[in-house]
Amino acid sequence: MMDSFPTLLWAGVKFTVPLTLLSFAFGLTLGLITAVTRLFGPTPLVLIARFYVWVIRGTPLLVQLFVIFYGLPSVGILLDAFPAALIGFTLNIGAYSSEIIRAVIASVPKGQWEAAYSIGMNWRQAMARTILPQAARVAVPPLSNTFISLVKDTSLAAAITVPELFQAAQRIVATTYEPLILYIQAAIIYLALSSVLSALQVRLEKRFSRYGGMLEANR
């Protein structure tokens, strides 16, 4: 365990963490665009957004990664392992986060829109200054859970040869023949990462709850 720990940790730092952060950032952006499109977009774009969410939510993530990495070369689209994983996780996170964002935006009372318009804001200003700040506070817990789940889901990237944490453990197992020790060690590292993120989630929720309480008090 002592000999393998630096290798596993380096694989996590070099591949697992960047893959998680980039996938979540791009996926959250895609989710916001998809959610706004479904709520306020023209009918053709709404149908495209619904179809995208339907396909991604209705198929396993592992299958999506295989289609992107192993399937697309058959039509002339060749991708390296890391970009393929990044695209797959981004599309997956985008679909699931879009449903969260759509729900929290829809939950903001209509009176907030009317209040924003009454002081001269246009649609974009109302969305950016009034609606999204209120929706963000509600969206923090479910989006944080999605982020934590993504950390663990990145282990699926090993199936398309991304040399992240779990594949590093598999390679060491292939030479040491100690699967129990190595896989438990990988699980402990994933658990440590998830625990840190869970602690940060609690602090973020407390900060938003204090901010919300101040808003309500000022009203």
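The values are calculated or read from the model by the stated rules, or taken from the named source; none is laboratory data. Just so we're clear, the structure is a prediction, and the values are computed from it rather than from any experiment. No Cβ is skipped: glycine too gets one built from the backbone with ideal geometry, and neighbour counts run over all protein chains shown. When the accessible area is computed, the model is the full protein with side chains, heavy atoms only, and any ligands, DNA or RNA have been set aside. Shrake-Rupley method; radii C 1.70, N 1.55, O 1.52, S 1.80 Å.
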### Message
Tell me whether segment 168-188 contains one or more residues that are closer than 25 Å to Leu91 by Cα and not hydrophobic (A, V, I, L, M, F, W, C).
### Response
no
### Task
Go through Thr16, Thr34 for me and flag whichever is open to solvent by less than 80 Å² (accessible area, probe 1.4 Å), assigned to a helix (DSSP H, G or I) and over 30 Å from Leu182 (Cα atoms).
Thr34
### Task
Check whether at least one residue in segment 56-79 is under 23 Å from Glu164 (Cα atoms), part of a helix (DSSP H, G or I) and among the small types (Gly, Ala, Ser), and report yes or no.
yes
#### Entry: Residue identified as in a helix (DSSP H, G or I), modelled with pLDDT of 95 or more and surrounded by 14 or more Cβ atoms within 10 Å (Cβ to Cβ) among Thr7, Thr29
Thr29
### Message
Just to be sure before I move on: is Trp123 over 25 Å from the mean Cα position of the chain (by Cα), surrounded by 14 or more Cβ atoms within 10 Å (Cβ to Cβ) and over 30 Å from Leu191 (Cβ atoms) in the structure I sent?
### Response
no
#### Entry: Matching entry among Ala169, Ala136, Ala159 (being touching a residue at least 12 places away in the same chain (Cβ under 8 Å), among the small types (Gly, Ala, Ser) and open to solvent by less than 30 Å² (accessible area, probe 1.4 Å))
Ala169
### Query
Can you find a residue in segment 43-53 that is in contact with a Ser or Thr (Cβ under 9 Å, 6 or more places away or on another chain) and touching a residue at least 60 places away in the same chain (Cβ under 8 Å)?
no
### Summary
Of the residues in segment 101-120 that are in a helix (DSSP H, G or I) and touching a residue at least 24 places away in the same chain (Cβ under 8 Å), the one that is surrounded by the most Cβ atoms within 10 Å (Cβ to Cβ) is Ile101
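Can Leu65 be described as touching a residue at least 12 places away in the same chain (Cβ under 8 Å), surrounded by 13 or more Cβ atoms within 10 Å (Cβ to Cβ) and over 20 Å from the mean Cα position of the chain (by Cα)?
no
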### Query
For segment 39-54, does any single residue satisfy the condition of being out of contact with any strand residue (DSSP E or B) (no Cβ under 9 Å at 6 or more places or on another chain), under 22 Å from Ala158 (Cβ atoms) and modelled with pLDDT of 95 or more?
no
### Summary
Those residues of segment 152-169 which are touching a Leu at 6+ places or on another chain (Cβ under 8 Å) and assigned to a helix (DSSP H, G or I) amount to Asp153, Thr154, Ser155, Leu156, Ala157, Ala159, Ile160, Leu165, Ala168, Ala169
### Message
Against the condition modelled with pLDDT of 90 or more and either touching a Ser or Thr at 6+ places or on another chain (Cβ under 9 Å) or surrounded by 13 or more Cβ atoms within 10 Å (Cβ to Cβ) (or both), how does Ala174 come out, does it pass?
### Response
no
### Message
Restricting to segment 74-87, and then to whatever is without any contact (Cβ under 8 Å) to a residue 40 or more places away in the chain and in contact with a Leu (Cβ under 8 Å, 6 or more places away or on another chain), can you tell me which residue is least open to solvent (accessible area, probe 1.4 Å)?
### Response
Leu79
### Task
Can you tell me which residue within segment 177-201, out of those that are at pLDDT 90 or above and open to solvent by less than 30 Å² (accessible area, probe 1.4 Å), is farthest from Asn145 (Cα to Cα)?
Leu182
